[in-house]
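For reference, the structure is listed below as structure tokens.
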Amino acid sequence: MLRVENIKASYGKELIVDDVSFTIEEGELTALLGLNGAGKTTLLKVISGLLKQISGRCLLEDRDIHQMNDKLRARHISFMPQRYSIVYDTKVIDVVLMGITPYLGPFDTPTKEQREEALASLVIVGMEDYAAENFRHLSEGQKQLVLVARNLLQDAEIMFFDEPDSALDFNNSHMILSMIRDVIKAEDKAGLITLHDPNMALNYCDKIIILKNGKKYADFYLADVGYEFLKDVFIQIYDDIKVLEHDERYIIIR
């Protein structure tokens, strides 16, 4: 569905992403792993159209996403950043309704049906009771849940999430990852998610891509690999770790 070809990207003169290629397919959730500074967020911004690459292409069904205008691209690709940019007072329901902006004309306002869909998205993430609350007054974890609801409402066929569990507690982290995976599967979307914890990727994702020093270090389907492969790969990234196998699943511990 989405093909990333030889992407190079930088901030100023510093090369952050160096010749990275991969594909993501419909019905699959792919994890993008790597240490801080590996280039995960920069790569995500490039392939979502928010940052212009030095070279390479990102193709959606053979069409370069950087040749689409912002509104058209947003109908195909949604992006949930690590940090929100909302610094003014606004209701939670209105934050979620930002997800339908790509489908509105210049003078259109959300319809009753669209507001109902926004509330349904809040129900999915367990935030429906906060619909009328001020977004700025929520905890960081609650804000993350609201932004996930906004992404769901946008209903793009390709969904990007940059550490959506970073401010969430244990239960909500697993709830969000499970929900994202279920949406991807049920609606045949393609998902790419950056994560710090490789165990979350092992639990919820079909495929893992690992960046190291801006380059693609590994790219594999979990169904195709076993204990020895995972041990060898993850030791190179996370150093002093052990890989345990339990009930046909793998767990990484220090």
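Applying the selection to segment 194-212, what residues are buried (at least 18 other Cβ atoms within 10 Å of the Cβ) and basic (Lys, Arg)? Scanning segment 194-212 gives a single hit, 207.
Taken as a whole, the structure places residue 35 among residues that are over 21 Å from residue 190 (Cα atoms) and in contact with a strand residue (DSSP E or B) (Cβ under 9 Å, 6 or more places away or on another chain).
Taking each residue of segment 191-204 that is touching a residue at least 12 places away in the same chain (Cβ under 8 Å) and outside any helix (DSSP H, G or I) and looking for partners that are open to solvent by less than 30 Å² (accessible area, probe 1.4 Å) and of a type in the set (S, T, N, Q) with beta-carbon atoms closer than 7 Å, six or more apart or interchain, yields 191/30; 192/30. Restricting to segment 2-52, name every residue that is touching a helix residue (DSSP H, G or I) at 6+ places or on another chain (Cβ under 6 Å) and either open to solvent by 40 Å² or more (accessible area, probe 1.4 Å) or of a type in the set (Asp, Glu) (or both). Result: no residue meets the conditions. When residue 182 is tested against (1) under 20 Å from residue 200 (Cα atoms); (2) in contact (Cβ under 8 Å) with a residue 24 or more places away in the chain, exactly one condition is not met: (2). List the helices (runs of 4 or more DSSP H) that sit entirely inside segment 92-179 and contain at least 2 residues that are open to solvent by 60 Å² or more (accessible area, probe 1.4 Å). Here the list reads 112-124. Within this structure, residue 85 fails the test of being surrounded by 15 or more Cβ atoms within 10 Å (Cβ to Cβ), polar (S, T, N, Q) and not in a helix (DSSP H, G or I). Confirm whether residue 68 is surrounded by 14 or more Cβ atoms within 10 Å (Cβ to Cβ) and closer than 23 Å to residue 120 by Cβ. So residue 68 does not fit the description; no. Scanning segment 67-85 for residues that are among the hydroxyl-bearing types (Ser, Thr, Tyr) and in contact (Cβ under 8 Å) with a residue 24 or more places away in the chain yields 78, 84. Scan segment 215-245 for residues that are in contact with a Gly (Cβ under 9 Å, 6 or more places away or on another chain) and under 24 Å from residue 6 (Cα atoms) and the total you get is 3. Taking residues in segment 215-235 that are in a strand (DSSP E or B), and partners anywhere that are among the hydroxyl-bearing types (Ser, Thr, Tyr), the pairs with Cβ atoms closer than 8 Å and at least 6 places apart or on different chains are 216/21. The selection criterion, being open to solvent by 60 Å² or more (accessible area, probe 1.4 Å), out of contact with any Asp or Glu (no Cβ under 6 Å at 6 or more places or on another chain), closer than 21 Å to residue 28 by Cβ and free of Cβ contacts under 8 Å to residues at least 60 places away in the same chain, does not hold for residue 247.
The values are calculated or read from the model by the stated rules, or taken from the named source; none is laboratory data. Keep in mind it's a predicted model, so treat the numbers as computed, not measured. Note that each Cβ is placed from the backbone with ideal geometry, even for glycine, and that neighbours are counted across all protein chains shown. In case anyone asks, the SASA skips ligands and DNA or RNA and just uses the protein heavy atoms, side chains included. Shrake-Rupley method; radii C 1.70, N 1.55, O 1.52, S 1.80 Å.
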